[in-house]
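See structure below.
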Amino acid sequence: MRYPIVIEPGNDTRAYGVIVPDLPGCYSAGDTLDEAITNSSEAILAHIEHLIESGEAISEPKSIEQHQNNTDYRGWLWAISTVDLAQLKEPCRRINITIPERVLAMVDLAAKKAGESRSGYLAAAALERASH
């Protein structure tokens, strides 16, 4: 799953701050820009895990363009944080499912475009469907 993140520029004395607009309350930081982006993935996974445990809905990420008009983030940097929901800390179970080849090909193509594994993509789709 790909989440837009907005990064408050840091300097020699202040870390880069990260906000995930689609996940209210999800924040991260890093001493360098690269570290801030990397740390955001861990924060997103932890936040989603908390939402699941709390029975709360997980919002679908919007595009960067949909967020850029927010004046709170004027002058900040934008990036994409890619997370694989298959990496959630909760125990995973290997399952065997039957799915038509055409549907599986569509899933694999969509997962590749989203930068996710097949398992992560299917988990995200199931979570989205279950939360509605």
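The values are calculated or read from the model by the stated rules, or taken from the named source; none is laboratory data. Since we're looking at a predicted model, the values are computed, not measured. Ideal geometry is used to build each Cβ from the backbone, glycine not excepted, and the neighbour counts take in all protein chains shown. Surface accessibility is based on the protein's heavy atoms, side chains included, excluding ligands, DNA and RNA. Shrake-Rupley method; radii C 1.70, N 1.55, O 1.52, S 1.80 Å.
Taking interchain pairs and intrachain pairs at least six residues apart, which have beta carbon atoms under 6 angstrom, with the first residue in region 57-77 and in contact (Cβ under 8 Å) with a residue 40 or more places away in the chain and the second surrounded by fewer than 15 Cβ atoms within 10 Å (Cβ to Cβ)?
Between residues of region 57-77 that are in contact (Cβ under 8 Å) with a residue 40 or more places away in the chain and residues that are surrounded by fewer than 15 Cβ atoms within 10 Å (Cβ to Cβ), the close pairs are ALA57/SER131; ILE58/SER131; ILE64/TRP78.
Restrict the check to region 26-46 and report whether at least one residue is within 19 Å of ALA114 (Cβ to Cβ), open to solvent by 30 Å² or more (accessible area, probe 1.4 Å) and of a type in the set (Phe, Trp, Tyr).
No - not one qualifying residue is present in region 26-46.
Give region 62-121 a look and list any residue that's touching a Ser or Thr at 6+ places or on another chain (Cβ under 7 Å), in a loop (DSSP other than H, G, I, E, B) and either aliphatic (A, V, I, L, M) or over 22 Å from LEU51 (Cβ atoms) (or both), or say none.
Result: VAL83, single match.
Collect the residues in region 11-31 that are over 12 Å from the mean Cα position of the chain (by Cα), part of a loop (DSSP other than H, G, I, E, B) and either modelled with pLDDT of 95 or more or under 25 Å from SER63 (Cβ atoms) (or both), keeping them in residue-number order.
PRO24, GLY25
Of (1) of a type in the set (A, V, I, L, M); (2) touching a helix residue (DSSP H, G or I) at 6+ places or on another chain (Cβ under 6 Å); (3) without any contact (Cβ under 8 Å) to a residue 12 or more places away in the chain, ILE99 satisfies all except one. Which?
Unmet condition: (2).
For residues that are open to solvent by less than 40 Å² (accessible area, probe 1.4 Å) and of a type in the set (A, V, I, L, M), scanning just region 65-85, find the one that is farthest from ILE5 (Cα to Cα).
In this case the residue turns out to be LEU85.
Could we say that ILE52 is within 22 Å of ALA114 (Cβ to Cβ) and touching an Asp or Glu at 6+ places or on another chain (Cβ under 8 Å) here?
So ILE52 passes the test.
Are any residues in region 55-79 over 17 Å from ALA114 (Cβ atoms) and of a type in the set (Gly, Ala, Ser), and if so, which ones?
Listed by number, the residues that qualify are GLY55, ALA57, GLY75.
Considering only region 88-115, state which residues are open to solvent by 60 Å² or more (accessible area, probe 1.4 Å) and under 20 Å from GLY25 (Cβ atoms).
Once the filter is applied, which keeps residues that are open to solvent by 60 Å² or more (accessible area, probe 1.4 Å) and under 20 Å from GLY25 (Cβ atoms), region 88-115 yields LYS89, GLU90.
Determine whether region 52-64 contains at least one residue that is more than 14 Å from PRO4 (Cα to Cα), open to solvent by 70 Å² or more (accessible area, probe 1.4 Å) and at pLDDT 90 or above.
No, region 52-64 has no match at all.
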